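K.L.:
First, the structure itself, so that you have it in front of you.
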């Protein structure tokens with residue numbers, strides 16, 4: 001199956017776009033620090049029955065950052081511009097993590113553009129509440145600390161970043177085919193990506209609870225896929241070294257925010273990705289595939 005990678009000019013910047021398959025259009029919005037390589041297997045599966053488009057947002061991959069500081073509002077504008085450039089109408093749009101926050105902003109700003117959306121363990125407008133949890137022996141994992149780290153990383157050269165990110169890159173490669181290893185290395189050694197990331201974190205995760213809840217959510221058909229709290233808590237304890245009580249407190253906040261997403265409109269349904277932590281697209285991709293199939297099959301019946 002042909003996988004086309006191209007640079008698309010959306011007016012004020014160029015974006016790196018991957019597309020494959022034919023038929024109904026599905027657009028995928030990855031989360032923060034998420035290489036398109038992470039989506040390879042699901043992308044290929046979905047493209048067997050639809051036209052799938054996934055792209056690096058501004059500042060990521062080979063996409064230009066542009067002159068305007070990055071935030072979910074600007075990212076939503078870029079998605080709209082890309083859809084117009086590629087003449088895409090009524091797509092199914094999938095947003096994971098921060099990509100889900102962009103997607104929520106998009107459908108509020110452009111309520112008639114997406115036919116259905118799937119929020120995959122999506123970041124919420126109240127995500128700043130997670131930083132209120134007191135972590136013993138805080139290791140600099142707060143959002144504020146990450147903003148500062150990213151600002152430092154953005155000032156480093158590609159060569160220095162490859163060394164700095166070596167352990168992270170090695171960990172990411174474990175979930176990917178060897179053909180995608182170079183993609184991850186390039187992605188994680190891009191100083192411009194960290195510049196964009198610092199702006200997104202600062203604007204959308206530190207202040208979004210106060211500034212972005214300003215519009216009503218349209219009645220776009222919505223599927224909310226949430227992670228399994230048990231799997232997530234175990235992951236935080238074993239991989240991040242948190243005490244169980246800390247992980248449980250964080251998870252309670254996250255699950256409450258996901259519950260709030262299920263009330264976005266009367267056309268929202270909820271699915272738990274049993275056994276999966278935050279990276280549903282890697283741990284339980286079949287859950288996302290099944291959600292997409294339910295939309296495609298429903299559309300076929302209606303047609």
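The values are calculated or read from the model by the stated rules, or taken from the named source; none is laboratory data. Model, not experiment: these values are computed from the prediction. Backbone-built Cβ (ideal geometry, glycine too); neighbour counts: all protein chains shown.
K.L.:
Do we have any residue at all in the stretch 77-98 that's touching a helix residue (DSSP H, G or I) at 6+ places or on another chain (Cβ under 6 Å), buried (at least 22 other Cβ atoms within 10 Å of the Cβ), touching a residue at least 24 places away in the same chain (Cβ under 8 Å) and farther than 19 Å from residue 280 by Cα?
P.N.:
yes
K.L.:
Here's another thing I want to ask about it. Considering (1) out of contact with any strand residue (DSSP E or B) (no Cβ under 8 Å at 6 or more places or on another chain); (2) assigned to a helix (DSSP H, G or I); (3) at pLDDT 95 or above, say which one residue 255 fails and leave the rest.
P.N.:
(1)
Rundown of residues vs (1) within 30 Å of residue 164 (Cα to Cα); (2) in contact (Cβ under 8 Å) with a residue 12 or more places away in the chain; (3) in a loop (DSSP other than H, G, I, E, B), yes/no style:
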{"site": "197", "(1), (2), (3)": "yes, yes, no"}
{"site": "216", "(1), (2), (3)": "no, yes, yes"}
{"site": "233", "(1), (2), (3)": "yes, yes, no"}
{"site": "238", "(1), (2), (3)": "yes, no, no"}
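K.L.:
When only residues in the stretch 153-182 that are in contact (Cβ under 8 Å) with a residue 40 or more places away in the chain and buried (at least 17 other Cβ atoms within 10 Å of the Cβ) count, which is nearest to residue 279 (Cα to Cα)?
P.N.:
172
K.L.:
Of the residues 94, 7, which is under 24 Å from residue 292 (Cα atoms), part of a strand (DSSP E or B) and in contact with a strand residue (DSSP E or B) (Cβ under 6 Å, 6 or more places away or on another chain)? I'd like the intermediate steps shown before the answer.
P.N.:
Working: 7 fails: under 24 Å from residue 292 (Cα atoms).
It is 94.
K.L.:
Go through the stretch 258-286 and give me each residue that's part of a helix (DSSP H, G or I) and either under 18 Å from residue 123 (Cβ atoms) or free of Cβ contacts under 8 Å to residues at least 24 places away in the same chain (or both).
P.N.:
Taking the stretch 258-286 first, the residues part of a helix (DSSP H, G or I) are 258-261, 280-283, 285-286.
Residues satisfying the conditions are 258, 259, 260, 261, 280, 281, 282, 283, 286.
K.L.:
Filter the stretch 29-47 down to the residues that are in contact with a helix residue (DSSP H, G or I) (Cβ under 6 Å, 6 or more places away or on another chain), over 17 Å from residue 178 (Cβ atoms) and either free of Cβ contacts under 8 Å to residues at least 60 places away in the same chain or not in a helix (DSSP H, G or I) (or both) and list them by number.
P.N.:
Answer for the stretch 29-47, where residues must be in contact with a helix residue (DSSP H, G or I) (Cβ under 6 Å, 6 or more places away or on another chain), over 17 Å from residue 178 (Cβ atoms) and either free of Cβ contacts under 8 Å to residues at least 60 places away in the same chain or not in a helix (DSSP H, G or I) (or both): 29, 30, 31, 32.
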